[in-house]
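To start, the structure under review is shown below, and the notes come after it.
Throughout, read-outs are computed from the coordinates displayed, never taken from laboratory work. Everything numeric here is computed off the predicted structure, so don't read it as measured data. Positions of Cβ are generated from backbone atoms using ideal geometry, with glycine treated the same way; all protein chains shown enter the neighbour counts.
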Amino acid sequence: MQQFQSDRTLFTLIAIIILIAACSNIISMLVLLVNDKKKEIAILRSMGASSKSIAVIFGFCGFIMGLFSSIIGIGASIITLKHLDVVIKLLSMIQGHTFFNAAFFGNKLPNDLSYDALLFVIIITPILALIAGIVPAIKASRVHPSSILRSQ
C-alpha cells in the first residue's frame, strides 16, 4: 500500500509539472498573438474599445485554449486507457524488449478511469489557462494606439 501511495504522489507531481509547462506554453502563444495583433488592437483602441475589453478578449482566448486542450487531452487519455494493452505491445515492439515487467506490475496494468479526476481536469485546466492569459491580456490592454499606428 505504501508503494501505491508513493506512486500516486509521483504521478501527481508529474501532472503538476505538465500543467506548469502547458501554462507557460499558453503564455508564450498569447504573447506572440498580442505581438502579431498590435495593429488590430491599436485600431480597436482608437475606435473606442477600453483597455478592459481588450484584456477580456485575450483572457478569453487563454480560457478557450485551456478548454479545448483539456477536452482533447481527456479524449486522448480515454482512448489510450481503453487500448492500453495495444499501446504497451506497440511500445514493446518499437523498443525491442518488454516495456513493463510483469514482476513489478502484474499481468495487467491498472487502467481505471476516475471520473472525479476527469471533472477536475475539465474545470481546473481552463481556469489555469485563464490565469496564465492574464499577463498577455494586460500587455495587450496597455498598447498605445498612436505609437503603433504611427509606426505602421
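Taken one residue at a time, the phi angles of the range 128-134 give Karplus couplings (6.51, -1.76, 1.60, θ = phi - 60°) of 5, 5, 4, 5, 5, x, 5 Hz. Gly and Pro are set to x. Sequence gap at least 6, Cα distance under 8 Å: using those rules, report the relative contact order of the chain to the nearest whole percent. Rounded, it is 48 percent for the chain.
Which three semi-axes in whole Å describe the equivalent ellipsoid of the chain, each the square root of 5 times a Cα gyration tensor eigenvalue, listed largest first? Spell out each step's value before the answer.
Details: eigenvalues 395, 49, 31 Å².
Ellipsoid semi-axes (Å, largest first): 44, 16, 13.
The distance between label points at Ser28 and Ile78 comes to 3.0 nm (points 7 Å beyond Cα on the Cα→Cβ vector). The residues packed around Arg142, meaning those with a beta-carbon under 12 Å from its beta-carbon, carry a net charge of +4 if Lys and Arg are +1 and Asp and Glu are -1.
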